[in-house]
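To start, the structure itself, in structure tokens.
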Amino acid sequence: MARTTSQPPEELTENIIDIDVSEEMRGSFLEYAYSVIYQRALPDARDGLKPVQRRILYQMNEMGLRPDRAHVKCARVVGEVMGKLHPHGDSPIYDALVRLSQPFAMRVPLVDGHGNFGSLGGDDAPAAMRYTEARLNAAARLMVSSIDENVVDFRPNYDGQETEPEVLPAAFPNLLVNGASGIAVGMATNMAPHNLGEVIAAARHLIAHPDATLDDLMEFVPGPDLPTGGTIVGLDGIRDAYVKGRGTFRTRATVAIDKVTPRRTGLIVTELPYNVGPEKVVSRIKELVQAKKLQGIADLKDLTDRNQGLRLVIELKNGFNPEAVLEELYRLTPMEESFGINNVALVDGQPQTLGLRELLSVYVAHRLEVVRRRCEFRRAKREERLHLVAGLLVALLNIDEVIALIRDSEDTAQARQRLMTTFELSDTQARYILDTPLRRLTKYDRMELETERDQLSAEIAELTAILESDTKLRKLVSRELAEVAKEYATPRRTVLMESSGVTRTSSVPLEVGDDPCHVLLSSTGMLGRSTGARPPRMYDGPRTRHDATTAALAATVRGEVALVTDLGRLIRLPVLELPELPDENPDGPPLQAGVPVTEFVELAADERVISLAAPTGDGPGLVVGTRQGIVKRVAGDYPQNKDEFEVIALRDGDRLVGATQLVTGEEDLVFVTSDAQLLRFSADGVRPQGRSAGGVAGVRLSEGAHALWFGAVTAPEDSLVLTVAGSSATLPDTQTGAAKLTPFQVYPAKGRATGGVRCHRFLKGEDVLLYAWVGRAPARASRADGGPVRLPDPDGRRDGSGEALPRAITAVGTGQTSTAEN
């Protein structure tokens with residue numbers, strides 16, 4: 001079958017127009033660019049809001065989502081905004097809503113969010129809008145206050161069925177306080193947040209002094225105040241931004257150097273640069289450590305939670321300077337970031353780059369206009385009300401005539417006309433009188449109306465005075481800003497720090513050098529190292545704690561030290577792992593800054609560390625003495641592949657009571673026994689023995705007696721012997737008794753394995769030595785609470801009796817320096 005074709009109707013014929021493609025592209029692109037700039041990306045300099053943010057706040061206010069109301073689903077808010085005001089997708093609306101509620105993004109959040117609204121740096125995305133809830137924050141009420149009093153212009157929405165404000169009243173400088181960021185076509189904005197109290201103070205100064213210079217305003221606003229705190233390093237870029245609208249500054253994390261474990265120091269990060277999240281920092285540090293570009297990091301933990309906020313713990317390896325590692329972190333990781341200020345905002349619909357003074361001037365002018373229009377609106381409302389009250393008062397004064405006139409009228413229109421003619425009332429007043437119920441025409445109501453008339457007159461006069469005086473208008477705006485600052489201002493979070501612009505601020509080497517030091521052991525088992533080649537004082541001082549240094553050994557920071565326990569074990573330990581004690585003070589190194597020895601070694605339940613020793617057998621060697629009177633000089637055959645081993649084969653029930661690292665090998669060895677015998681003999685009379693040997697007889701003990709103290713004396717002429725006698729019935733609960741100090745030189749040297757000489761004469765009720773100590777003068781004793789215990793003056797009699805102590809002795813030390821003696 002042949003197909004017939006018909007001609008299309010005339011109205012469907014093609015209409016082809018020849019256009020210049022370049023002109024069309026140019027015009028379309030400019031239209032698109034203007035739309036993006038004006039409708040999406042850039043904030044208005046007056047209220048500091050982009051259109052989507054303004055529509056969210058306005059619509060939430062219209063929905064009645066005030067701070068005293070319950071939260072509603074964010075999906076409902078997004079739907080209302082999208083359906084009535086914002087003809088775009090729901091995702092950008094919800095993203096804007098989320099940012100308005102984030103305290104780490106906004107210096108003064110405007111939305112009170114309930115649920116997961118994301119995390120710092122965008123590491124954790126917010127929950128879907130169907131799960132989260134929101135309402136206006138208290139500060140957001142300031143943004144929309146008086147909006148129903150004709151303070152701003154309204155325009156039709158996208159379909160002409162609703163109206164929306166062109167700008168919000170903004171009772172505080174939101175653009176400077178909360179900052180802004182956005183990317184338009186051919187331009188972008190990136191504005192830093194500031195402190196509300198500081199910005200308002202500057203705005204008030206500008207209101208009072210319109211000719212104020214930038215330097216005057218910077219007295220109030222020295223720099224940004226970021227929601228996440230941190231430190232701004234270098235203020236030159238900030239001044240450039242305040243002058244030209246563009247500048248750059250660097251922000252640093254807030255970091256504290258502290259002990260994270262008893263054995264290691266760490267960096268504790270509590271604040272990060274603006275818009276930097278912890279996950280970004282953690283991943284970057286791990287990447288650098290794995291690539292071996294960052295040294296000194298032993299462990300990294302993210303302990304951030306809702307209770308304590310941001311907390312990153314960076315544990316450092318021993319041997320690295322925390323300050324140097326921190327500088328490397330600043331240089332290589334996002335713990336130090338640059339922030340580029342680009343103050344681009346819309347002024348009269350045109351994008352402009354504004355400095356601090358221009359931003360404040362635009363806001364102040366906006367606020368003056370808002371308050372002026374509010375005063376005009378309120379005056380008009382009060383004049384309308386005063387007009388009605390005046391007419392009602394006329395009716396009350398002529399109530400009988402008014403009632404008669406109304407009763408004689410045929411209808412409402414005639415009554416209204418007769419009232420207007422008879423009492424010279426306006427149409428509005430006559431209508432109001434006719435609409436007023438009879439119950440309002442009492443004598444009491446007349447008094448109320450007269451009071452209201454006087455009050456309205458006074459308010460109208462006050463508003464008129466404000467409108468007619470620019471000075472009074474400015475004072476009103478300034479006073480309102482002061483009230484806002486009083487209620488909502490918070491202390492500054494970001495620290496401002498001058499800088500020369502160099503990132504690395506110190507020349508501290510990354511690794512700790514192998515410098516001389518002294519390892520200290522206290523009577524309560526605290527370990528630490530004191531820097532410097534000069535030996536430290538042996539006494540910690542009664543002002544700090546009930547402790548004294550019982551052993552001090554010269555070493556190097558990267559060397560080793562050995563601990564000797566009362567079970568005869570020698571345990572090697574790297575000096576680098578020991579905590580560094582603060583600088584020496586007149587009373588000695590503060591041992592309370594040390595770490596308990598149990599943090600470094602595992603001890604048996606009844607085992608304790610009694611002294612320090614060299615980690616190798618070099619030199620004169622180690623000498624030990626036991627409770628059963630055995631002495632042993634350990635030969636230097638220490639195994640190099642073991643960190644712990646025994647230095648003596650102890651008999652059953654025996655323990656070490658002292659151990660000393662010999663310095664010359666010619667020291668005097670001293671035993672003090674519980675029955676008040678002191679034996680002094682030369683160390684060169686004890687031949688070295690291997691580690692498995694059990695030692696030789698040191699002091700001959702009487703039946704029931706035991707060695708109470710053992711050690712070596714290097715300076716006999718400067719040493720003292722302290723003995724405290726008491727009753728065995730009080731052991732071991734107290735060491736209060738009769739104390740005697742005796743010069744060491746009065747005791748003659750005897751042969752090894754002899755009984756020695758008597759060093760204390762017991763009085764009635766005394767049968768045992770409770771405490772003994774031999775060391776350099778002067779001797780200092782302290783009690784359990786750390787206070788000093790007065791010791792008697794030295795007594796030249798070696799077998800004299802003691803003087804009663806006022807308090808029990810807990811620790812004894814010397815005020816002189818020493819290198820290896822007890």
Self-check item: Alpha carbon Rg of segment 764-816, scaled by the compact-globule rule 2.2 N^0.38 Å
Solution: 1.19
Quiz prompt | Proximal charge balance of Pro748 [Cβ under 13 Å; K/R count +1, D/E count -1] | solution = +2
Self-check item: Computed magnitude of the charge dipole of the chain (debye, nearest 20; Cβ of K, R +1, Cβ of D, E -1)
Solution: 2640
Self-check item: Only Lys, Arg (+1) and Asp, Glu (-1) charged, at Cβ; segment 268-363 dipole about Cα centre in debye
Solution: 260
Quiz item: Mean 1/r over all different Cα pairs, inverted: what Kirkwood radius does the chain give, in Å?
Solution: 35.1
Practice problem: Return Arg776, Arg40, Arg155 ranked ascending by Cβ neighbour count within 10 Å, so the fewest neighbours appear first. | Solution: Arg155, Arg40, Arg776
Quiz prompt | Sequence of His88, His366, His760 once ranked by neighbouring C-beta atoms within 10 Å, starting from the fewest | solution = His88, His366, His760
Quiz item: Where Lys and Arg each count +1 and Asp and Glu each count -1, what net charge lies around Ala140 among other residues with Cβ under 12 Å from its Cβ?
Solution: +2
Quiz item: To the nearest 500 deg cm²/dmol, what mean residue ellipticity at 222 nm is calculated for the chain from DSSP H runs of n ≥ 4 alone, each contributing -39,500 (n - 2.57), summed and divided by the residues?
Solution: -9000 deg cm²/dmol
Practice problem: Enter the angle in degrees (range 0 to 90, nearest 10) between the Cα long axis of helix 322-332 and the first principal axis of the Cα atoms of the chain, meaning the one along which they spread out most. | Solution: 40
Quiz item: Helix 90-101 sits at what angle to the longest principal axis of the chain, using alpha carbons and giving 0 to 90 degrees rounded to 10?
Solution: 60
Practice problem: Taking the dipole about the Cα centre of segment 50-169, with the C-beta of Lys and Arg at +1 and of Asp and Glu at -1, give me whichever of Phe104, Gln59, Met143 is farthest to the positive side. | Solution: Phe104
Quiz item: What angle, in degrees between 0 and 90 and rounded to the nearest 10, separates the Cα long axis of helix 196-208 from the longest principal axis of the Cα atoms of the chain?
Solution: 50
Quiz item: Using only Cα atoms, what is the ratio of the radius of gyration of segment 254-334 to 2.2 N^0.38 Å?
Solution: 1.02
Quiz item: Measuring from the lowest to the highest alpha carbon on each principal axis, how far does segment 360-488 reach, largest first, in angstroms?
Solution: 65, 27, 23
Quiz item: Which ordering of Leu303, Leu476, Leu329 is given by a fewest-first count of other beta-carbon atoms within 10 Å?
Solution: Leu303, Leu476, Leu329
Self-check item: Kirkwood Rh, Cα atoms: Rg over Rh of segment 224-288
Solution: 1.11
Exercise. Taking DSSP loops as anything outside H, G, I, E and B, show the longest stretch in the chain free of chymotrypsin sites (Phe, Trp or Tyr not before Pro) there with at most 14 other beta carbons within 10 Å.
Key: 159-822
Self-check item: Antiparallel DSSP beta bridges within segment 254-334, as percent of all bridges there, nearest 5
Solution: 100
Self-check item: Inverse of mean 1/r across different Cα pairs in segment 50-169, Kirkwood, Å
Solution: 14.5
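Where a number appears in this text, it was derived from the coordinates with a stated rule and is not lab data. On a predicted model such as this, the values are computed, not experimentally measured, just so you know. Methodologically, a virtual Cβ is constructed for each residue, glycine included, from the backbone with ideal geometry; neighbour enumeration extends over all protein chains shown.
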